[in-house]
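Reviewing the structure listed below.
What follows is calculated from the coordinates using simple rules that are stated; it is not laboratory data. All of these numbers come straight from a predicted model, not from anything done at the bench. Counting neighbours? That spans all protein chains shown, and the Cβs are built from the backbone with ideal geometry, glycine included.
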Amino acid sequence: MIKRLLLTFLAGIFFACASKNYGDDQYQLRMATHGKDVMWVPTKVEMANQMLALAKVGQGDIVYDLGSGDGVIPIQAAKMYGVQSVGIEYNADLVALSQRNAVREGVKNLVKFKQGDIFKEDFSSATVVTLFLGDSLNAKLMPTLLKMKPGTRVVSNTFRMDSWIPDQEVRVNSNEVALLWIVPASIDGNWIFSGLPSMETANIKFLQKKQFIDGTISQIDKRPINFEDGRIRGDEIEFDFVLNSKKYAFRGTVKNSEISGLLNNDPKLAVTGRLAKGK
């Protein structure tokens, strides 16, 4: 079923290029070449550039492309931003082609291609992960991606990620969209906060669903305060609540088992929290 849908997608977008050789004189590469999990589809240079721009690739980043095909995304990352990039590709012929392409583009010292299975290889050092795989493979990768360092940017060409809603998306053309996710810090559970107005200490129970949070602020013998639609973007956290008829906006950062920030952007209303033992 997935292959049938992908073939339809290919026919609509790349019909005119179906017979084109995307390889070189050593390897004849044509669209819809079968791979381990999906068929190969070329990523246009323009789309690769849009994906990298959406991720805001910059100095110090390490870009990993999962299912790197002919190597266009890692090569463009090195050419455009001068960053280290790695492509993981199951097809050994594509790995060899990518390496030759990197030499031709003058970036062989910045780019590395590995022959391997994306579900077995370690890409935990990545600060940016790019994908052009398919909805089902994205969903299979999602648990691993969500465990990566908060702030890691994940960009997919067109295909979505199950229940993980993109933080941003950019329509590139009538058929393709670049989708961005930023790995959120994990804060689900009970936290002890100090600095909240009229409260010496208070318990906040966060209910986290990917980058979205709801919560309950509670204190002994006082009515609990519920809030919804909070958000985590990497290690940045924000949520709003009403206390004694006054609205407060918390903006802060998460660092391991600590949260710190300000209410209403007021330095006099500094708030800190720590993860409760046992959560």
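Backbone geometry of segment 160-173 corresponds, through the Karplus equation with coefficients 6.51, -1.76 and 1.60 at θ = phi - 60°, to 3J(HN,Hα) couplings of 8, 10, 6, 8, 7, 6, x, 6, 7, 9, 10, 6, 8, 7 Hz, x marking Gly and Pro.
Placing unit charges on the Cβ atoms of the charged side chains and taking the dipole of the chain about its Cα centre, the candidate lying farthest along the positive direction among Ala55, Gly151, Gly23 is Gly151. Under the classification rounded if a/c is under 1.5, otherwise prolate if a/b is larger than b/c and oblate if not, where does segment 2-182 fall, given a ≥ b ≥ c as square roots of the Cα gyration tensor eigenvalues? Rounded, because the longest to shortest axis ratio a/c is under 1.5. Under 5 Å between amide hydrogens, built in the peptide plane, is the criterion, and for Leu29 it picks out Tyr22, Gly23, Asp24 among residues at least 5 positions away or on other chains. Based on Cα contacts under 8 Å between residues 6+ apart, segment 189-275 shows a relative contact order of 23 percent. Close amide H contacts of Ala276 (hydrogens built in the peptide plane, cut-off under 5 Å, sequence separation of 5 or more or a different chain): Asn190, Trp191, Ile192. Phi-derived couplings, Karplus 6.51 cos²θ - 1.76 cosθ + 1.60 at θ = phi - 60°, listed residue by residue for segment 213-228: 9, 10, x, 9, 9, 9, 8, 4, 6, 10, 5, x, 10, 9, 9, 9 Hz, with x used for Gly and Pro. Based on the Cβ-Cβ distance of Met39 and Thr253, what FRET efficiency does E = 1/(1 + (r/R0)^6) give at R0 = 41 Å, to the nearest 0.05? Using R0 = 41 Å, I get an efficiency of 0.45. In the chain, the DSSP beta bridges split such that about 75 percent are antiparallel, to the nearest 5. Under the convention that each Lys and Arg Cβ holds +1 and each Asp and Glu Cβ holds -1, the size of the dipole of segment 147-279 around its Cα centre is about 260 debye. Amide H to amide H, with H built 1.01 Å from N, Asp65 comes under 5 Å of Val86, Gly87, Ile88, Thr130, counting only residues 5 or more places away or on other chains. The packing ranking, built from the mean of other Cβ atoms within 10 Å per residue, places the peptides 53-61, 230-238 in the order 230-238, 53-61, highest first. I'd like the orientation of helix 92-104 relative to the chain: the angle between its Cα long axis and the longest Cα principal axis, in ° from 0 to 90, rounded to 10. Long axis of 92-104 versus the principal axis of the chain: about 90 degrees.
Rounded to the nearest 20, the size of the Cβ-charge dipole of the chain about its Cα centre is 280 debye, with Lys and Arg at +1 and Asp and Glu at -1. Using the Cβ-Cβ distance between Arg104 and Arg231 with R0 set to 51 Å, the FRET efficiency works out to roughly 0.75.
For segment 114-202, applying the loop criterion from DSSP together with a ceiling of 11 other beta carbons within 10 Å to the trypsin sites (Lys or Arg not before Pro) yields Lys120, Lys147. Computed from backbone phi with θ = phi - 60° and the Karplus coefficients 6.51, -1.76 and 1.60, the 3J(HN,Hα) list for segment 79-87 is 5, 7, 10, x, 9, 5, 9, 9, x Hz; x is used for glycine and proline. At full extension, Asn21 and Ser136 could sit 38.6 nm farther apart than now, given 0.36 nm per residue minus the alpha carbon distance. Computed over segment 156-279, the convex hull of the alpha-carbon atoms projects to a mean area of 9.2 nm².
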